[in-house]
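Here is the structure we will look at.
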């Protein structure tokens, strides 16, 4: 069995075994798990390799691109502004970002951006990945385009642009882009090793993601004008973007956060612990309750799966997250399998991060295995 490093309280030793088994069976290349319960880090485990050649072990301070798990950080900082009275999730986006009101978007509210229901799930114009690195250009393009469906009537996953949409609102209020605000207000004070916009000094610690098989998207069957095709082909997905300096240094709050399970859990446990983590209060319990104000419940127009969204986070459904129990749980994950789960009833945050990407957009056989084991140990 593959050796797993790190600490784990006695009752969660079976979770160490599951990680070791999945590493040994090549379901994983390198991975880490963290579980914080009632303020205590009960699980902080890592193992495997940081490179496909298996020359560099995954270390305690290894970080990697976590794709859409980054969205949990953008949701958190938006909620922090809500908590401070600087942002109203039910206000029109144009109140904060006047240009966004163009082209029939005047009635779109901030909550629509945070719940993927705005009708603006990607860029309308053909864009390249380089356009995502140009904040002014990418946000101006979003402000000028029309919505693709009636805002608020359905979700359509804002796969690559959620960080630009919510982030520009954050910037208009604070003068800081999401990565800058996160560093100043959250990761800096907490000493948490998570980054949106990675300083090159950290590059030697980065484990490059291993790309998954291509997304199983039948363009002809879906139709080129479908929300799904327009969302996932502009620009087309390519995991190798994450290998580049340009991607790492950019501010792409939907997809380019770099960290590990420990750092994400330290930050996100504020959600499951009444707003406080590491002795620092980020939110009030009343603001956290806003997450559970259901915004959509149905088949997502981009992902084609039954999803429920609250404000900023996904809410479990019996089909897509059957491994999660009933209760006050919010979550989201990243392309290839990384996962963040905040369980408020159990005062618990679970995070899984890996470098070998599994097929699909949300969750994987690996994340389901760890969560199934975790909840079995909590009974």
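Full extension of the chain between residue 317 and residue 137 yields a length gain of 61.1 nm, computed as 0.36 nm times the residue separation minus the alpha carbon distance. Angle of helix 261-272 to the longest C-alpha principal axis of the chain, folded into 0 to 90 degrees and rounded to 10: 60°. Working from the Cα coordinates of the stretch 153-303, the gyration tensor eigenvalues give, after taking √(5λ), semi-axes of 29, 22, 14 Å in decreasing order. Each of 232, 100, 292 was scored by other Cβ atoms within 10 Å of its Cβ. Listed from fewest to most, they are 292, 232, 100. Across the stretch 266-358, C-alpha contacts under 8 Å between residues 6 or more apart give a mean separation that, scaled by the residue count, equals a relative contact order of 21 percent. Taking only C-alpha pairs under 8 Å that are 6+ residues apart, what is the relative contact order of the chain in percent? It comes to 24 percent, rounded to a whole number. Stretching residue 21 away from residue 199 to a fully extended chain increases their span by 60.7 nm, per 0.36 nm per residue minus the current alpha-carbon distance. In this rough spin-label picture, where each label sits 7 Å from Cα along the Cβ direction, the residue 372-residue 347 distance is 3.0 nm. Any chance you could give the angle, 0 to 90 degrees and rounded to 10, that helix 71-83 forms with the longest Cα principal axis of the chain? Between helix and principal axis, roughly 60 degrees. Taking the 0 to 90 degree range and rounding to the nearest ten, how far is the long axis of helix 162-174 tilted relative to the main principal axis of the chain, both from C-alpha atoms? Between the helix axis and the principal axis of the chain, the angle is about 70 degrees.
Placing R0 at 22 angstrom, the Cβ-Cβ distance between residue 245 and residue 128 gives a FRET efficiency of 0.85 after rounding to 0.05. Could you give the distance between the Cα centres of the stretch 237-290 and the stretch 349-379, to the whole Å? About 17 Å separates the Cα centre of the stretch 237-290 from the one of the stretch 349-379. In plain terms, the chain from residue 215 to residue 40 could stretch by 59.2 nm, reckoned as 0.36 nm per residue minus the Cα-Cα distance. Using C-alpha pairs under 8 Å with a sequence gap of at least 6, the mean separation divided by the residue count of the stretch 90-174 gives a relative contact order of 38 percent. Label zone of residue 208 (point 7 Å out along Cα→Cβ, amide N under 17 Å): in the stretch 22-41 this covers 29-30.
FYI, it's all coordinate maths here, none of it is from the lab. This structure is a prediction, so every number in the text was calculated from the model and none was measured. Because the Cβ atoms are built from the backbone with ideal geometry, glycine has one as well, and the counts that use them run over all protein chains shown.
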